[in-house]
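Reviewing the structure listed below.
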């Protein structure tokens, strides 16, 4: 009797959809995850990455994940408000994170883990946070002070906090999919927007925006998430390998976030038609004061304990930094 050759099992397919360009922190990290996963599982897993909303747009992707039409996403944290998880909107509060150190204390500690655990009731597992840094404001009229955006139509992600933020400036917030922003700016549907520099530059928004103010007023980060049923169905050894791939891809993302945002801002400054203004200390304080009403409005929407825990983390980090300076 002749033995039939064993037929290799087909690879497990992971569709990874996201809405930004490949040459962004998230885009590069997604490709790094694909490379590591396919290499370390020796072909048992195949990852297909769909950038630039080529598979699903902002409003569609979470539902697609829950239905199992896609296995992995890295949506911005603001989007979880759509699922009724309002505490994630704390990341949208202007100036809630005074620096990256406080941010990392939150996302890499107990606060971040507790927030990700809230996703499980929605059929989602949160694996990691991916950073994309702090946002700048852009417009076709000069921006130095908060009142300079009064009356402007400003594109935002769907978020009640971001709506309140623009309203605090006297601007009109217009939620739009990220893939539609360039055209909206080009046609004048919106007057301006807010983005980390890497998103602004990679989508060529500076070509249709004459002014940029480095306000660093808000944070943009992502959660790497998977369909819970799919993830739990994976063999335990594969799941462990993929979790380690996520750890390494997260390191890649966070390293690229700082480099790409700094590089993008330099390139925007070099673009002859766009003026970039860095706030003075006095101007920065005016922006902070302009956004204080947003925090008060959102206290009935976002857990006060959560907000206070982040403020406590900021105070602790500031005290530690001050002590180091005195040594």
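Annotations for the structure displayed:
- Once the Cα atoms are used to define both axes, helix 281-298 deviates from the longest principal axis of the chain by about 60 degrees.
- For the stretch 1-80, the alpha-carbon coordinates run over 62, 27, 18 Å along the three principal axes, in decreasing order.
- Antiparallel bridge percentage (DSSP; both residues within the chain; nearest 5): 50 percent
- The stretch 126-187: relative contact order as a whole-number percent, Cα under 8 Å and 6+ apart: 27 percent
- Taking every DSSP helix (H) stretch of at least 4 residues in the chain, weighting each as -39,500 (n - 2.57) and dividing the sum by the residue count yields a mean residue ellipticity at 222 nm of -14000 deg cm²/dmol.
- Between 212, 49, 266, the residue with the greatest mean-square fluctuation in the GNM of the chain (Cα pairs under 10 Å linked by springs) is 266.
- Taken as Cα centroids, the stretch 130-149 and the stretch 89-118 sit 21 Å apart, rounded to the nearest whole angstrom.
- Residue with peak Gaussian network fluctuation, the chain [Cα springs, cutoff 10 Å], from 76, 280, 159: 280
- Largest-first principal axis extents, alpha carbons of the stretch 95-146, Å: 45, 25, 16
- Normalised by the number of residues in the chain, the mean separation of alpha-carbon contacts (under 8 Å, six or more apart) gives a relative contact order of 25 percent.
- Residue among 37, 128, 236 with the largest mean-square fluctuation in a Gaussian network model of the chain, springs linking Cα atoms under 10 Å: 236
- For the stretch 213-267 versus the stretch 58-80, the gap between their alpha-carbon centres in whole angstrom: 15 Å
- Counting every C-alpha pair in the stretch 126-174, the share spaced more than 18 angstrom apart comes to 37%.
- Coarse-grained scattering of the chain at q = 0.13 Å⁻¹, given as base-10 log I(q)/I(0) from a Debye sum over alpha-carbon atoms: -0.98
- Cα-Cα P(r), the stretch 185-311, percent of pairs per 10 Å interval: 9, 26, 28, 25, 10, 1
- Debye log10 I(q)/I(0) for the stretch 24-157, one point scatterer per Cα, at q = 0.09, 0.15, 0.19, 0.22 Å⁻¹: -0.35, -0.94, -1.33, -1.50
Here, each number is a calculation from the coordinates, and none is a lab measurement. Here the structure is a predicted model, which means the values were calculated and not measured.
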